[in-house]
Structure formats: C-alpha cells, structure tokens
Amino acid sequence: MADTSVAEATEQQTDQSADDAVQVQEAQLPESEDSPQGQGGGQIDVLLDTTIPVTARLGQVDMQVRELLQLAPGSVLKLDKQVGEPVEVLLRGNKFATGQIVVVGDRLGIRIQEILSQNPTEQGEEDQT
C-alpha cells in the first residue's frame, strides 16, 4: 500500500507542469545494525599511520614588489628573527611548538623546545609563573 501512495504522489508532482516537473523515487536504504559500544576502540590505529605536513618557519620579511623583482641568484633576504631565536613549528598552518635549528648529519632539523598550549589562557598563566 505504501508503494501505491508513493506512486500517486509521484504522479501528482509530475502532473503539475512540464516546467516544474519533479521526479521522486523511493530509496532503498540498508537496515542499521546495533553494535556493542566497545568495538570501535581499535580504529585510532588507522589515524596513527596518517601523515600530516609539519612546517618550520624560520622567519619572514615584508617586501615591496619592486624589491622582489630585483632579486637574483645570490640575493640575501634579511628575516625578522635573531640568531638563536626559536623557530615556529606549524601543524596545518597553526603554530603548535617552538624549536631550535640543529644539524642532523647532512640535514637541518628542529629540536622541539616547547609544545604550546591549545588554550591561550593556559599559555598566559604559564608565562606568569
């Protein structure tokens, strides 16, 4: 009987006018099965193997377009950071740690000095102590 009422509703909606015609179809959806609460606990392992880009920001500089156009091989950009000042470590564009530049073999690395708090009030409280 439900199929008959759906068919009648479809006919009523498509008969309104050719410009306003709406096609309605009955969806076949699977039944939901109740599963015990504790079964999803191991799913965090899937996330643990996910890679996320981490960026280290040494410093920055604001330049006029005129100055950018004058850059050539051998040009030096003077950044806003002092030698020995901590660099920012960013996770998806958000600063989450600070660190110190180190040499690891023939590569540069960052030694993490501080993991920043997510809550700005907590970070302010730490600075006051």
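The values are calculated or read from the model by the stated rules, or taken from the named source; none is laboratory data. As the structure is a prediction and not an experimental result, all values here were calculated from the model. Glycine also receives a Cβ, built like all others from the backbone with ideal geometry; neighbour counts cover every protein chain displayed.
Of all the residues in segment 42-95, those that are over 16 Å from Glu114 (Cα atoms) and without any contact (Cβ under 8 Å) to a residue 40 or more places away in the chain number 37.
Candidates are the residues of segment 86-118 that are over 23 Å from the mean Cα position of the chain (by Cα) and among the charged types (D, E, K, R); the one that is nearest to Ala56 (Cα to Cα) is Arg111. The residue list Val22, Val54 contains one member that is over 23 Å from Phe96 (Cα atoms) and either of a type in the set (Lys, Arg) or at pLDDT 80 or above (or both), which is Val22. Filtered by the rule that a residue be assigned to a strand (DSSP E or B) and either touching a residue at least 60 places away in the same chain (Cβ under 8 Å) or out of contact with any Phe, Trp or Tyr (no Cβ under 8 Å at 6 or more places or on another chain) (or both), segment 106-117 gives Arg107, Leu108, Gly109, Ile110, Arg111, Ile112, Gln113, Glu114.
Leu108 - would you say it is of a type in the set (A, V, I, L, M, F, W, C) and either surrounded by 12 or more Cβ atoms within 10 Å (Cβ to Cβ) or modelled with pLDDT of 95 or more (or both)? For Leu108, the condition - of a type in the set (A, V, I, L, M, F, W, C) and either surrounded by 12 or more Cβ atoms within 10 Å (Cβ to Cβ) or modelled with pLDDT of 95 or more (or both) - is not met. Is there a residue in segment 65-80 that is assigned to a loop (DSSP other than H, G, I, E, B), loosely packed, with under 11 Cβ neighbours inside 10 Å and either under 25 Å from the mean Cα position of the chain (by Cα) or at pLDDT below 90 (or both)? Checking segment 65-80: not a single residue is assigned to a loop (DSSP other than H, G, I, E, B), loosely packed, with under 11 Cβ neighbours inside 10 Å and either under 25 Å from the mean Cα position of the chain (by Cα) or at pLDDT below 90 (or both). What are the residues in segment 82-105 that are loosely packed, with under 15 Cβ neighbours inside 10 Å and assigned to a loop (DSSP other than H, G, I, E, B), if any? Selection gives Gln82, Val83, Gly84, Glu85, Arg92, Gly93, Gly105.
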